[in-house]
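K.L.:
Before anything else, here's the structure in question.
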Amino acid sequence: MPYVNIKITREGASAEQKAELIAGVTELLRKTLNKNPATTVVVIDEVDTDNWGIGGESVTVRRARGQ
C-alpha cells in the first residue's frame, strides 16, 4: 500500500488542483511501479507560510521581500 505525503503552502491551491495531484500521483504509481490505485493513499498537507522556513526565515518574510 503506497503512502504519499505532499506538503504545500496553504495558499491558493484549489480543490480541483488538489484532486489533480491526487489522481496524477496515483496514476504515476500505477504506471511506474504497478501499484494498485485502490490501495494507494495520497495525503496533502497544507502548511501556513509562517510555519514553513527556508534559509532561516519564514516563507511569509521571504515573500514580503519579493523572494
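None of the figures in this text is laboratory data; all of them are computed from the coordinates on show. In this text the structure is predicted, and so the values were computed from the model without any measurement. Every residue, glycine among them, receives a Cβ derived from its backbone with ideal geometry; neighbour counts consider all protein chains shown.
K.L.:
PRE reach from Asp45 (point 7 Å along Cα→Cβ): which of the range 1-28 fall under 16 Å by backbone N?
P.N.:
3-11
K.L.:
I've got another one for you. Please compute the Cα-Cα pair-distance distribution of the range 3-64 with 10 Å bins starting at 0, giving whole percents from short to long.
P.N.:
The distribution over the range 3-64 is 20, 39, 26, 14, 1, given as percents.
K.L.:
Once every DSSP H run of n ≥ 4 in the chain is given -39500 (n - 2.57) and the sum is divided by its residues, what mean residue ellipticity at 222 nm do you get, rounded to the nearest 500 deg cm²/dmol?
P.N.:
-11500 deg cm²/dmol
K.L.:
Now for a separate question. Can you work out the FRET efficiency for the pair Met1 and Gln67, with r the C-beta to C-beta distance and R0 = 30 Å, to the nearest 0.05?
P.N.:
Once rounded, the FRET efficiency stands at 0.20.
K.L.:
Here is a follow-up. Give the aspartates and glutamates reachable from Lys35 as a straight Cα distance under 12 Å; neighbours fewer than 8 places away on the same chain don't count.
P.N.:
Cross-link targets: Glu27.
K.L.:
Now for a separate question. Taking amide hydrogens as modeled 1.01 Å from N in the peptide plane, which residues meet the under 5 Å criterion relative to Thr9, leaving out close sequence neighbours?
P.N.:
Excluding prolines and chain starts, which carry no amide H, the hits are Val47.
K.L.:
Using +1 on the beta carbon of Lys and Arg, -1 on that of Asp and Glu, and nothing else charged, what's the dipole of the range 3-64 about the Cα centre, debye to 20?
P.N.:
It comes to approximately 300 debye.
K.L.:
Report, in degrees rounded to the nearest 10, the 0 to 90 angle that the Cα long axis of helix 15-33 makes with the longest principal axis of the chain.
P.N.:
With rounding to tens, the tilt is 50 degrees.
K.L.:
Can you work out the FRET efficiency for the pair Lys18 and Ala38, with r the C-beta to C-beta distance and R0 = 22 Å, to the nearest 0.05?
P.N.:
0.65
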